[in-house]
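Heads up, the thing below is written out as structure tokens.
All of the numbers you see were taken from the coordinates with simple rules; none came from a lab. In this text, all values refer to a predicted model and were calculated from it rather than measured experimentally. Neighbour counts are summed over all protein chains in view; Cβ atoms, including those assigned to glycine, are modelled from backbone coordinates with ideal geometry.
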Amino acid sequence: MPLLATMPILNKIKNDAKSGEAAILNYLMGKIGQTDNVVFDKFKVMAAPKSSYVIMGDKFEADVFLSSTTKETKGLSIAVNGGGLPVTEGVAKYTAVANGLGVKKYTATVSVKNAVTGKVESYTGNFEYEVGLRSATVTAKKMNVFYIGVDNPVAVSAAGISSNALKVSASGAGISLSKTGNTEYVARVTQQGDATISLSGPGLQATNFPFRAKRIPDPRPKLGKEEGGSLGNGTFKAQDGLIADLVGFDFDARCNIEGFNLVRVAKRADPQQSANVGGRFSGEARRLVDMATPGDRYYFENIRARCPGDQAGRKLGEMVFTIK
């Protein structure tokens with residue numbers, strides 16, 4: 001063909017090639033935009049810290065990256081610890097009640113449909129956070145006392161250190177510690193003297209806290225609710241014996257009467273006496289109590305009691321009652 005006739009034919013072939021390219025691109029673009037695939041059309045800067053708890057002086061580390069989400073949630077699902085979450089514009093909110101102290105871990109899984117293969121692919125990440133307490137402490141230094149023979153509750157914590165990483169030890173006065181909770185311990189001592197509780201952990205050098213170990217204070221002997229004085233004849237006879245009352249002592253402890261001497265002095269009569277074993281009236285002591293008449297005097301002498309931790313009974317003095 002003449003040269004001038006071939007030029008239009010060649011231009012038509014070039015235009016057909018360009019038209020074919022445009023048709024293919026439009027077809028692929030249409031596939032990407034279909035609603036059964038996920039199109040990420042929202043972007044946000046995110047930061048993932050290495051730890052959600054930082055101690056003063058330590059380094060804070062975080063991964064900063066561009067995160068993409070989508071307004072369309074079809075083909076996208078998010079779950080935490082196996083439980084599905086509602087997704088709004090490509091974002092799911094996970095909430096949990098902080099009902100226990102310490103480090104809490106959770107696993108997040110995002111499933112999305114691959115636009116090319118049509119298969120659902122899942123991506124998993126492990127995360128953690130730490131639960132602590134808002135706290136304020138006031139300590140009276142002269143009241144740091146442990147009592148022998150009873151459970152002494154102790155709360156232990158150190159700001160900036162997980163309860164799982166905190167190391168607790170004790171020494172002196174025959175002390176032993178038993179853990180009853182995340183931050184709660186019970187201390188027991190067996191002898192008087194000085195005791196020490198030591199705390200240490202990551203970033204915390206051993207810190208000592210001194211305590212004094214003492215025996216339980218002396219209880220007060222009582223007949224019912226009375227410690228002496230005038231008492232009605234019927235009320236006096238109705239009593240079963242003596243008790244040792246730890247007045248104002250807040251610990252769960254009980255002292256027991258080991259024995260006492262009872263002396264009855266009646267008008268115009270010689271004194272009568274009896275040695276009673278234990279706190280409850282028995283034998284001759286019970287008989288003397290039942291003989292009470294107005295004007296009699298009763299002396300409770302050499303009252304002895306034993307409290308938790310005591311190696312031997314302790315003397316509590318005496319009581320005097322006048323029968324009316």
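How long is the gain from Glu61 to Asn164 if the chain were fully straight, where each residue apart is worth 0.36 nm and the alpha carbon distance is subtracted?
Gain on extension, Glu61 to Asn164, equals 34.9 nm.
Skipping prolines and chain starts, which residues have an amide H placed within reach, meaning under 5 Å, of the one on Gly90, given they are 5 or more residues away or on another chain?
Excluding prolines and chain starts, which carry no amide H, the hits are Thr70.
Hey, can you rank 146-155, 79-88 by average C-beta count inside 10 Å, highest first? Don't jump to the answer; show the numbers that get you there.
Numbers: 146-155: 17.6, 79-88: 12.3.
Descending packing order for the listed peptides: 146-155, 79-88.
Under the rule of at least 5 residues apart or a separate chain, name every residue whose amide H is placed under 5 Å from the amide H of Glu258.
Under 5 Å from the amide H of Glu258 lie the amide H atoms of Arg304, Ala305, Arg306, each far enough along the sequence or on another chain.
Just the number, please: percent antiparallel of the DSSP beta bridges in segment 141-214, rounded to the nearest 5. Each step should come with its number before you reach the end.
Working: 21 of 24 bridges.
Of the beta bridges lying entirely in segment 141-214, close to 90 percent run antiparallel.
Please give the charge dipole size of segment 166-324, origin at the Cα centre, charges +1 on K and R Cβ atoms and -1 on D and E Cβ atoms. Round to the nearest 20 debye.
Numbers: 23 positive and 17 negative charges, 25 e Å.
Computed charge dipole of segment 166-324: roughly 120 debye.
Indicate, rounded to the nearest 5 percent, the antiparallel portion of the DSSP beta bridges found entirely in segment 220-323.
Of those bridges, close to 90 percent are antiparallel.
From the phi of every residue in segment 200-216, what ³J(HN,Hα) in whole Hz does the Karplus formula 6.51 cos²θ - 1.76 cosθ + 1.60 yield, where θ is phi - 60° and glycine or proline is x?
Taking θ as phi minus 60°, the curve returns 8, x, x, x, 10, 6, 3, 10, 9, 10, x, 9, 10, 9, 9, 7, 4 Hz for segment 200-216.
If you plug each phi of segment 291-297 into the Karplus form 6.51 cos²θ - 1.76 cosθ + 1.60 with θ = phi - 60°, what whole-Hz ³J(HN,Hα) values come out, in order, with x for Gly and Pro?
My calculation for segment 291-297 gives 8, 4, 9, x, x, 6, 10 Hz in order.
Estimate the FRET efficiency between Val265 and Thr190 by the formula 1/(1 + (r/R0)^6), using the beta-carbon distance for r and 41 Å for R0, to the nearest 0.05. Walk me through the numbers before you get to the answer.
On the way: r = 43 Å, r/R0 = 1.06.
The calculated FRET efficiency here is 0.40.
In terms of modelled amide H atoms, which long-range or inter-chain residues lie less than 5 Å from the amide H of Ser67?
Amide H neighbours of Ser67, under 5 Å, 5+ apart: Lys44, Val45, Met46.
Could you rank the peptides 61-67, 298-304 by their average count of other C-beta atoms within 10 Å per residue, with the highest value first? Intermediate values should be presented prior to the final figure.
Details: 61-67: 10.1, 298-304: 18.6.
Ranking the peptides 61-67, 298-304 by packing returns 298-304, 61-67.
Using every alpha carbon pair in the chain, what percent of pairs falls into each 20 Å bin from 0 up to the bin containing the largest distance?
Pairs per bin, as whole percents: 20, 25, 21, 16, 10, 4, 2, 1, 0.
What is the pair-distance distribution P(r) of segment 42-131, computed from all Cα-Cα distances in 10 Å bins starting at 0, with each bin given as a whole percent?
The calculated distribution, bin by bin, is 13, 39, 33, 12, 2.
For segment 124-129, take each phi angle, set θ = phi - 60°, evaluate the Karplus expression 6.51 cos²θ - 1.76 cosθ + 1.60, and give the result in whole Hz per residue in order, putting x for glycine and proline.
For segment 124-129, the Karplus-derived couplings read 10, x, 9, 9, 8, 8 Hz, x marking Gly and Pro.
So how much slack lies between Ala5 and Ala48, counting 0.36 nm per residue of separation and subtracting their Cα-Cα distance, in nm? Before the final figure, lay out each step's value.
Working: separation 43, 0.36 × 43 = 15.48 nm, distance 6.76 nm.
Length gained, Ala5 through Ala48: 8.7 nm.
Compute the helix-to-body angle for 3-32: its Cα long axis versus the longest principal axis of the chain, expressed 0 to 90° and rounded to tens.
Once rounded, one gets 20 degrees.
Of Lys71/Lys113; Lys44/Lys71; Lys44/Lys93; Lys267/Lys324; Lys225/Lys267; Lys71/Lys105, which sit over 22 Å apart, Cα to Cα?
Values: Lys71/Lys113 15 Å; Lys44/Lys71 13 Å; Lys44/Lys93 16 Å; Lys267/Lys324 13 Å; Lys225/Lys267 26 Å; Lys71/Lys105 29 Å.
Flagged as over cut-off: Lys225/Lys267; Lys71/Lys105.
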